[in-house]
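Asker: Just dropping this structure here.
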Amino acid sequence: MAATLIDPTLHTELIELQRAVFTATERLYALPREEPAGPLREEVRQAAAARDTALHASGLVGEHGYHQASQALKNTAKS
């Protein structure tokens, strides 16, 4: 299972960064259509960029590929 790539003890920062992406995305989706979404879209983009930078720096992407590492991180952060 891909989720085993992420160790909750070793990868606490990655998990928190992924949760920040989830939170920002939820806030964007909850925004009423008549509200300007630009600032929240930028928040999501920045949160995802920070997560991706940290994910690459962790070595997990180099070892397992981006998709597998990213999916494992998302699954672990949800649990």
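The values are calculated or read from the model by the stated rules, or taken from the named source; none is laboratory data. Quantities reported herein were computed from a predicted structural model and do not represent experimental measurements. Counting neighbours? That spans all protein chains shown, and the Cβs are built from the backbone with ideal geometry, glycine included. These accessible areas exclude ligands, DNA and RNA; they are computed on the full protein's heavy atoms, side chains included. Shrake-Rupley method; radii C 1.70, N 1.55, O 1.52, S 1.80 Å.
Asker: By accessible area of protein heavy atoms, probe 1.4 Å, what ranking do Leu28, Leu14 get, highest first? Show your work: numbers first, answer last.
Answerer: Values: Leu28 35, Leu14 10 Å².
From most accessible down to least: Leu28, Leu14.
Asker: Please report, in debye to the nearest 20, how large the charge dipole of the chain is about its Cα centre when each Lys and Arg carries +1 at its beta carbon and each Asp and Glu carries -1 there.
Answerer: Working: 8 positive and 10 negative charges, 35 e Å.
In total the dipole reaches around 160 debye.
Asker: Per residue of the chain, what 222 nm ellipticity follows from adding -39500 (n - 2.57) for every DSSP H run with n ≥ 4, rounded to the nearest 500? Don't skip to the answer; put the middle values down first.
Answerer: Numbers: 4 runs with 57 residues, N = 79.
Helix contribution divided over all residues of the chain: -23500 deg cm²/dmol.
Asker: Probe radius 1.4 Å, ligands and nucleic acids ignored: give me the carbon and sulfur share of the accessible area of the chain as a rounded percent.
Answerer: On the way: 2770 of 5090 Å².
That fraction is 54 percent.
Asker: Just by accessible area at a 1.4 angstrom probe, what is the order of Glu34, Glu26 from largest to smallest? Could you put the intermediate results ahead of the total?
Answerer: Numbers: Glu34 150, Glu26 125 Å².
Result of the area sort, largest leading: Glu34, Glu26.
Asker: Take every Cα-Cα pair in the chain and report what % of them are more than 16 Å apart.
Answerer: Details: 1532 of 3081 pairs.
Of all Cα-Cα pairs in the chain, 50 percent lie more than 16 Å apart.
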